[in-house]
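**Student:** Can you keep this structure in mind? I'll have questions shortly.
The values are calculated or read from the model by the stated rules, or taken from the named source; none is laboratory data. All figures in this text were calculated on a predicted structure; none of them were measured in a lab. Please note: Cβ atoms are built from the backbone with ideal geometry, for glycine as well, and neighbour counts cover all protein chains shown. Just the protein is used for accessible areas: all its heavy atoms, side chains included, with ligands, DNA and RNA removed. Shrake-Rupley method; radii C 1.70, N 1.55, O 1.52, S 1.80 Å.
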Amino acid sequence: MTATTAPAPATAAPLRSWFPGFLLAGLIWGCSFAFIAVGLRALTPVQVAFWRLLLGATALLLMSAVMRVRLPSDRRTWGHLVVVAVLLNAAPGVLFAIGQQHVSSVIAGIINAMTPLATLAVILAAYPEERPTARRVVGLLTGFAGVAVVIGVWRGLGSGQWSGILACLAAITCYGLALPYSRRYLTSTGQRPLGLVTGQVALSAVLMLPVVLLTGIAPHGEVTPTVVGAMLALGALGSGVAYALNFHVIAVAGPGTASTVTYLSPVVAAVVGVAFLGEHLSWNEPVGALVIFAGVAIAQAKARAPRPPRVPAPS
């Protein structure tokens, strides 16, 4: 997920100028749920979130240095970045790791696809000028129906599964709170997006440091090369390189195109979870994902402008 947006380009960009970055960002973010699952073999959810953010901040700082992008300099911007760092990085990082202790990476990835609906729900609740149109309400209800299909509510769930699902839903709710906030308070600062997100991820790592020290920094299992590799990929790629790639897509093709990466990530998460982690894929999970995608499409569709009245030709 990105923290900032850029104006849409005035003209359509050629596919080759943005699609490779779009595809790679979707693959990285789709694999992130599998990386979390591997990291949890030896680390606690707090440790997974902390190392992910620390490694991501390191990668972003290096990219900013190479590209000569400066970090924000005014206190007001840093104050807003603290809020976004908690809501968009620290809290969801912990919550998704908690959730994946009880649900598969496939389910976590599919629930993450509801982020646009969570954002829309927050916008409708927090901003009175946004009207809850019938289209938006239908889209939201369709999306939540899709989640019910994904988790298979008719089969009944244990307390552990419910807590995992609720943790994942809480994570995307944090995204829903953070994205409108960042658009309102950060996109108008004139700062370069890479500088903003570098400061944001670095702040989130700093904020997580006392949490990991209080909860324990020693791993609970064997830190194998596989675990180390998964955490390096989760942090440097998932919270580092993928952000930079997505910013390039935003700049070249526009935020609308960049946001559709949400449709790609759960597909990758399902393929990776089944192929490499041996997770089971039930029929209801892809069906529920399609229902969620339909809900997102309905909620984000623009109403068709009415046709101008026909003017009779002069006789």
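**Student:** Just check the stretch 63-128 against the gyration tensor rule for me: Cα atoms, a ≥ b ≥ c as the square roots of the eigenvalues, rounded for a/c under 1.5, and otherwise prolate or oblate depending on whether a/b exceeds b/c.
**Tutor:** oblate
**Student:** Now, a different point. If you roll a 1.4 Å probe over the stretch 58-196 with all protein chains in place, what percent of the accessible area is carbon or sulfur?
**Tutor:** Here it works out to 62 percent.
**Student:** For the pair Val271 and Ala294, what calculated FRET efficiency results from E = 1/(1 + (r/R0)^6), where r is the Cβ-Cβ distance and R0 = 30 Å, to the nearest 0.05?
**Tutor:** Taking R0 as 30 Å, the efficiency between Ala294 and Val271 is 0.90.
**Student:** In addition: Kindly state, to the nearest 0.05, the FRET efficiency for Val66 paired with Leu232, given R0 = 22 Å and r defined as their beta-carbon distance. Could the numbers behind the result be given before it?
**Tutor:** Values: r = 19 Å, r/R0 = 0.86.
Rounded to the nearest 0.05, the efficiency is 0.70.
**Student:** Further, regarding this structure: Solvent-accessible area per residue for the chain at a 1.4 Å probe radius, Å²?
**Tutor:** Heavy-atom accessible area per residue stands at 49 Å².
**Student:** Mind ranking 213-219, 32-38 by how tightly packed they are, going by the mean number of other C-beta atoms within 10 angstrom, highest first?
**Tutor:** My ranking of the peptides, most packed first, is 32-38, 213-219.
**Student:** Now for a different question. In nm, to one decimal, how far is the Leu15 label point from the Leu213 one, both placed 7 Å along Cα→Cβ?
**Tutor:** 5.2 nm
**Student:** What order do you get for 69-75, 233-239 when each peptide is scored by the mean count of other beta carbon atoms within 10 Å, highest first?
**Tutor:** My ranking of the peptides, most packed first, is 233-239, 69-75.
**Student:** In terms of the Cα gyration tensor, with a ≥ b ≥ c the square roots of its eigenvalues, is the chain rounded because a/c is under 1.5, prolate because a/b exceeds b/c, or oblate?
**Tutor:** oblate
**Student:** Mind giving me the FRET efficiency for Ser282 and Arg41? R0 is 35 Å, r the Cβ-Cβ distance, nearest 0.05 is fine. Display every interim value, and only then the final one.
**Tutor:** Values: r = 24 Å, r/R0 = 0.67.
Once the sixth-power term is evaluated, E becomes 0.90.
**Student:** Name the shape class, rounded, prolate or oblate, that the alpha-carbon gyration tensor gives for the stretch 105-172, where a ≥ b ≥ c are the square roots of its eigenvalues, rounded holds for a/c under 1.5, and otherwise prolate holds if a/b is larger than b/c and oblate otherwise.
**Tutor:** prolate
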